[in-house]
Amino acid sequence: MSTDASLLDKLTGLTNRKGFEEKLQAAILRAQQTDRPLSLAFLDIDHFKRLNDSMGHDSGDVIIKAVGDAVQRVAGDQAVTCRYGGEEYTVIFPDTEREQAFLIIERARAEIAAQKSLSDGKNKVNAQLTVSGGISAFPIDAQDGNELLRKADQALYKAKATGRNKIVLAYEEKMAPKTSHYTLTQLERLSELAKEQGVGEAVLLREALDNLLSKYKHAFASHK
């Protein structure tokens, strides 16, 4: 069966972000209907900007494709490996508990870390690099696709913040109360949106904050 070209990443041939979002929602729906587990991995190449700047964008492209190929090969045909954007990848694991997904992605991480050079099938780059990742699962960590991705991204951030070159399972967040001031109009619109979407106002606020942090995360990383 042919795959819609608009759902494929041109550089790696993997499913792109648009395709990932469609496939994740379909996988979540199936998991909900069948009461089966579903796991999600979120991966990132460590210090990629430094490598890209020092070796050049052509070498960076070789690295991106080679890492994607390695993750896809280890993940297997039953998983859906995607290039989420830049040097980020996601892997959807249908019918898979998060501990199983962890072992698979940990194997991919170890294989990538052990390589002295990387090839995209045509070109080779002499570089030793590592990846970090986060794993979340339905229904233990999240009940919908957005929350599943957020929890995997949260675990990825923890992997980065605690030394990189590791895979971390999603964990329960501690809620920190903050004193914030919003206009009455903002609060009314938030309440209406929450009712319309069928979720809590706090869920929407956390999603908005995550989007803000994601938007500026590269600027934040440059100061670390």
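The table below gives the values:
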quantity: Residue match in the stretch 14-25 (condition: among the small types (G, A, S) and more than 17 Å from R150 (Cα to Cα)); calculated: yes
quantity: Per-region count, the stretch 114-126, residues part of a loop (DSSP other than H, G, I, E, B) and either outside the structural domain of R50 (by TED's automatic domain parsing) or farther than 17 Å from R164 by Cα (or both); calculated: 7
quantity: Subset of the stretch 92-120 [over 30 Å from D141 (Cα atoms) and free of Cβ contacts under 8 Å to residues at least 12 places away in the same chain]; calculated: A114, S117
quantity: Conditions (1) within 24 Å of L24 (Cβ to Cβ); (2) part of a helix (DSSP H, G or I); (3) not aromatic (F, W, Y): number failed by E111; calculated: (1)
quantity: Restricting the stretch 160-210 to residues that are more than 22 Å from the chain's Cα centre (by Cα), outside any helix (DSSP H, G or I) and of a type in the set (A, V, I, L, M, F, W, C), the residue that is modelled with the lowest pLDDT; calculated: M175
quantity: Flag for S39 being among the small types (G, A, S) and either without any contact (Cβ under 8 Å) to a residue 12 or more places away in the chain or assigned to a helix (DSSP H, G or I) (or both); calculated: no
quantity: Unique match (being buried (at least 17 other Cβ atoms within 10 Å of the Cβ), farther than 23 Å from Q115 by Cβ and small (G, A, S)) among A79, A31, A26, A66; calculated: A31
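Yes or no, residue by residue, for (1) among the aromatic types (F, W, Y); (2) surrounded by fewer than 24 Cβ atoms within 10 Å (Cβ to Cβ); (3) within 20 Å of L11 (Cα to Cα):
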position	(1), (2), (3)
T90	no, no, yes
E97	no, yes, no
Q100	no, yes, no
I104	no, yes, no
A114	no, yes, no
D120	no, yes, yes
Q128	no, yes, no
A137	no, no, no
I140	no, yes, no
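The values are calculated or read from the model by the stated rules, or taken from the named source; none is laboratory data. Please read all numbers here as calculations on a predicted model, not as lab measurements. Every residue, glycine among them, receives a Cβ derived from its backbone with ideal geometry; neighbour counts consider all protein chains shown.
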